[in-house]
Amino acid sequence: MSTAAPSAGRTELVEQLDAWITGHADLLEAHREHDPRSVEQTAENERELQRLLFEDGWTRWGWPEDCGGLGGDATNRAVLYDRMGAHGYVLPELLGVVETLGPMLIEFARPIAQAHLAALLRGDEMWCQGFSEPNAGSDLASLRCKATQDDDGFVVNGQKIWVSLGHVAQWCVLLARTGSQESAHRGISMFMVDMSLPGIEVRPIRYANGRNELSELFFSDVRLPPEALIGEAGAGWNVAMYLLQWERGMYAWQRQAWLHKRLDDLVVGLGSDAGAQADRLGDVYLDLASLRATCARTVAALARGESPGPEISVDKLLLGAGEQSVIDAAIELLDADMALSPEAAGWRSDYFYARAATIYGGAAEIQRGIIAQRVLGLPREVRSGR
Ligand SMILES: Cc1cc2nc3c(=O)[nH]c(=O)nc-3n(C[C@H](O)[C@H](O)[C@H](O)COP(=O)(O)OP(=O)(O)OC[C@H]3O[C@@H](n4cnc5c(N)ncnc54)[C@H](O)[C@@H]3O)c2cc1C
């Protein structure tokens, strides 16, 4: 167990964490890149790292003690994510899921967080997020997957798509309609669904990088107990909006740490040619610096218990731009066969993920619309002919 404590102050935490990382260089050496071969392989390799970080306390700081944490606010978690990247190591991919779903469970379904959060942090469980449907992505409030309440709980019927880690997850945080179709965002509820329940069919979707990153889920008369409900019936939209601010804030912070590490990899890969590419590398650095500064402000607000509001769409836009800026520069500038060489498999995988960064968690066009109307106060677009 580490001796670092949030109450010791940020500088001490960073110093103790840096010392721990340096002292564990031999164990961490296998974790300089995500395994590009398969989601299953990545999860397997990174489970070892997750256990190590959990056993030594590092992933427990910043989470409440009754949920398996060691206390302190969310900035303690942000320090860990940042220092892992700064030392050139990956952050286990599942910690992205933890940051998206964990704070929401603590806020709206504490008993579920008490029962499951430590298992997720330690890598013993995987969770997924079942929100999108074939005809309800950007327009999520039109979702049709139905949860009908009866005396024993709820019965779910419908379909979800583009579910990250859906085929390997043991639990799914599901958005389903409990009101009428016309009730739109007011008739939606959120549930914690045990993926081993009868009536759930999972079909993996192969992503362009060759990995089964995503899945389709089909629910046929799936019976959920009443305690599967997260928050209040009909209040799932508010729960989802609370969750999204963590996905857009803290997940983006995790990625900025990784992207800074990727920029370092690019500079090292360029070697003596780096000087000739100073302008391009400088532009990439500025993209990441703006992402980092914006996310830092958001994470600090979230840690204080504030809700950042619609301006958090700026974080999401900067994340997409930052991902594509670094990875596109690497693909263009590095002297490697990016299409085929086995050595470039990590960059290839990052390239495909960078394409998705302007889609998942809310497409870039939608974020621009939110910023235009709700942050800048611009009028809605009026199309000619209507
Ligand atoms: C890698 C990846 C992982 C994902 N993981 C998950 C997950 O774990 N769980 C989950 O539930 N979902 C997940 N998604 C789905 C994601 O949330 C949706 O893809 C996203 O919300 C967009 O929805 P859509 O795909 O239905 O596209 P659509 O909503 O059909 O949009 C298609 C295009 O039209 C544009 N568009 C739509 N409406 C407007 C508008 N009003 N104004 C301007 N342009 C508009 C969009 O910006 C987009 O370019 C994931 C997606 C990806 C790529």
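Before moving on, here are some points about what is shown:
- Within this structure, E99 fails the test of being in contact with a helix residue (DSSP H, G or I) (Cβ under 8 Å, 6 or more places away or on another chain), within 16 Å of the ligand (Cβ to nearest atom) and open to solvent by 20 Å² or more (accessible area, probe 1.4 Å).
- With respect to the conditions (1) more than 16 Å from the ligand (Cβ to nearest atom); (2) of a type in the set (V, I, T); (3) without any contact (Cβ under 8 Å) to a residue 60 or more places away in the chain, V155 falls short on a single one, namely (3).
Listed here are the residues, each with its yes/no results for (1) in the same structural domain as A109 (by TED's automatic domain parsing); (2) modelled with pLDDT of 95 or more; (3) open to solvent by less than 20 Å² (accessible area, probe 1.4 Å); (4) touching a strand residue (DSSP E or B) at 6+ places or on another chain (Cβ under 6 Å).
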residue	(1), (2), (3), (4)
G158	no, yes, no, yes
S180	no, no, no, no
A184	no, no, no, no
V193	no, yes, yes, yes
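- Applying the set (1) farther than 27 Å from A289 by Cα; (2) of a type in the set (A, V, I, L, M, F, W, C); (3) open to solvent by less than 20 Å² (accessible area, probe 1.4 Å); (4) part of a loop (DSSP other than H, G, I, E, B) to V90 leaves exactly one unmet item: (1).
- Scope segment 109-152; condition within 11 Å of the ligand (Cβ to nearest atom), out of contact with any Asp or Glu (no Cβ under 8 Å at 6 or more places or on another chain) and open to solvent by less than 60 Å² (accessible area, probe 1.4 Å); matching residues: W127, C128, Q129, G130, F131, S132, E133, A136, G137, L140, S142
Here's the yes/no breakdown for (1) within 12 Å of the ligand (Cβ to nearest atom); (2) open to solvent by 60 Å² or more (accessible area, probe 1.4 Å); (3) of a type outside the set (S, T, Y):
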residue	(1), (2), (3)
A339	no, yes, yes
P342	no, yes, yes
F352	yes, yes, yes
A356	yes, no, yes
A363	yes, no, yes
I366	yes, yes, yes
G369	yes, no, yes
E381	yes, yes, yes
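- Test for V168: is it within 15 Å of the ligand (Cβ to nearest atom), under 17 Å from the mean Cα position of the chain (by Cα), in contact (Cβ under 8 Å) with a residue 40 or more places away in the chain and over 30 Å from R368 (Cβ atoms): yes
- Residue count for segment 292-337 under the criterion of being more than 25 Å from R77 (Cβ to Cβ) and open to solvent by 30 Å² or more (accessible area, probe 1.4 Å): the result is 8.
The values are calculated or read from the model by the stated rules, or taken from the named source; none is laboratory data. Remember, predicted model here, so these are calculated numbers, not experimental data. Because the Cβ atoms are built from the backbone with ideal geometry, glycine has one as well, and the counts that use them run over all protein chains shown. The accessibility values were calculated without ligands, DNA or RNA, using every heavy atom of the protein model including side chains. Shrake-Rupley method; radii C 1.70, N 1.55, O 1.52, S 1.80 Å.
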